[in-house]
Amino acid sequence: MFQKQSYSLHKYRNLLKPFMIVACDGYIVDCFGPYKATTSDAEIMTNLFSEGSALRSYFRENDIFILDRGFRDSISFLEGCGYKPYMPESLIEGEHQLTTAQANRSRCVTICRWVVEAVNGHFKRDFKLFRQEYFHRSLPHMMQNFQIAAALLNRFGVRFVDNIYATEILEIIRQQMNLENNLANMVEAQNMNRRTSYFQSITADRNNILYFPILEMRDLILFALGTYQIRQARSYYGEHVRFHGGYRIEVCSEQFHSSEYDLRGSTNGTTLIRGRIKSRHVTRRQYYVYILLENNIPGRTGITEYCCSCLVGRRTVGCCAHVMTLVWYLGWARHQQHISAPAEFLDGVIVREDDEE
């Protein structure tokens with residue numbers, strides 16, 4: 001019975017689920033569990049906040065809960081309790097991409113929720129016991145050990161603080177939260193993903209993209225509203241340069257009427273760039289990235305609009321990792337003396353098919 005209840009069809013292994021409530025500064029409010037692998041997060045949340053529970057007395061009306069999509073079935077319950085739950089948006093049935101409003105709201109959630117993932121990572125980082133599999137005889141003490149580890153993290157762990165650019169990031173979010181992604185609308189209306197004659201290929205390794213503004217690291221952080229996408233961009237760069245020879249970047253050679261689609265920026269001095277970024281998860285999938293530049297405008301203000309064909313590619317609050325990959329390389333990385341791809345020492349471990357031929 002235990003083996004059946006502890007087997008996760010999602011992870012394809014036996015596991016138990018501790019449950020934590022974490023404050024925005026990384027302080028662990030409490031730990032619960034362990035729960036069987038087949039228990040959903042929404043079910044756990046509903047049981048913990050049932051009528052008369054201690055948590056209902058601890059939390060106050062209008063308290064904000066930052067959740068992931070696994071809690072979607074408990075959202076209405078939490079709202080009925082007087083709380084304000086937020087989670088990333090889900091795709092509408094039949095759609096392949098979030099709307100601009102959905103993508104923006106999702107970014108506002110994930111920009112806060114990373115604290116929970118970071119705290120989860122600290123358990124494995126700081127305690128060897130949680131980096132390995134538990135033996136059956138030690139399982140009765142697992143939750144007690146987990147609670148002790150949580151107490152140690154609360155006592156000796158470093159509290160999270162706001163980013164040094166937090167004030168500027170909040171102001172950017174307020175300005176761009178309700179902006180429509182007009183470039184994405186134009187790309188969709190003109191079916192640009194399938195048009196090859198509109199674009200001329202260029203090589204990112206040459207210095208023939210002089211009109212792309214030179215960016216500082218501060219510009220990249222404010223453009224992405226954080227550092228996560230910047231770290232992902234370096235990984236995408238490493239994969240493309242090492243295994244695919246480079247990026248495929250194209251410049252639109254046709255004239256398009258920016259006023260027809262209310263594109264931001266001047267009507268004359270703009271340049272549209274298209275890049276193709278291969279997916280890190282699906283081998284045969286590639287994403288189309290479009291960046292609209294206003295010529296001769298320095299800094300990140302020279303990038304007037306951008307979009308991508310990925311799930312969250314229509315967002316105007318921050319950007320996806322695929323957009324950041326091009327912005328990171330063209331605006332910052334190619335001006336550095338040396339760019340190293342992550343984990344280069346692992347490239348020679350696996351025998352690649354092209355090496356065998």
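Being closer than 14 Å to residue 15 by Cβ and without any contact (Cβ under 8 Å) to a residue 24 or more places away in the chain is the filter here; which residues of the stretch 98-130 pass it? Hits for the stretch 98-130 are 124, 130. Inside the stretch 67-86, residues that are within 17 Å of residue 116 (Cβ to Cβ) and part of a loop (DSSP other than H, G, I, E, B) make up a count of 3. In this structure, residue 111 does not qualify as exposed (fewer than 11 other Cβ atoms within 10 Å of the Cβ) and closer than 26 Å to residue 218 by Cβ.
Filtered by the rule that a residue be outside any helix (DSSP H, G or I), exposed (fewer than 15 other Cβ atoms within 10 Å of the Cβ) and at pLDDT 90 or above, the stretch 13-49 gives 23, 24, 25, 29, 30.
With respect to residue 291, is the statement that it is surrounded by fewer than 24 Cβ atoms within 10 Å (Cβ to Cβ) and of a type in the set (A, V, I, L, M, F, W, C) true? Even if it seems obvious, please write down each step before you answer.
Details: surrounded by fewer than 24 Cβ atoms within 10 Å (Cβ to Cβ): no; of a type in the set (A, V, I, L, M, F, W, C): yes.
In short, no.
Somewhere in the stretch 193-200, is a residue among the hydroxyl-bearing types (Ser, Thr, Tyr), under 20 Å from the mean Cα position of the chain (by Cα), under 30 Å from residue 275 (Cα atoms) and part of a loop (DSSP other than H, G, I, E, B)? Scanning the stretch 193-200 turns up no residue that is among the hydroxyl-bearing types (Ser, Thr, Tyr), under 20 Å from the mean Cα position of the chain (by Cα), under 30 Å from residue 275 (Cα atoms) and part of a loop (DSSP other than H, G, I, E, B). Candidates 130, 123: the one that is touching a helix residue (DSSP H, G or I) at 6+ places or on another chain (Cβ under 7 Å), part of a helix (DSSP H, G or I) and at pLDDT below 90 is 130.
The values are calculated or read from the model by the stated rules, or taken from the named source; none is laboratory data. What you see is a predicted model; the values in this text were computed from it and never measured. Positions of Cβ are backbone-derived with ideal geometry, glycine not excepted, and every protein chain shown enters the neighbour counts.
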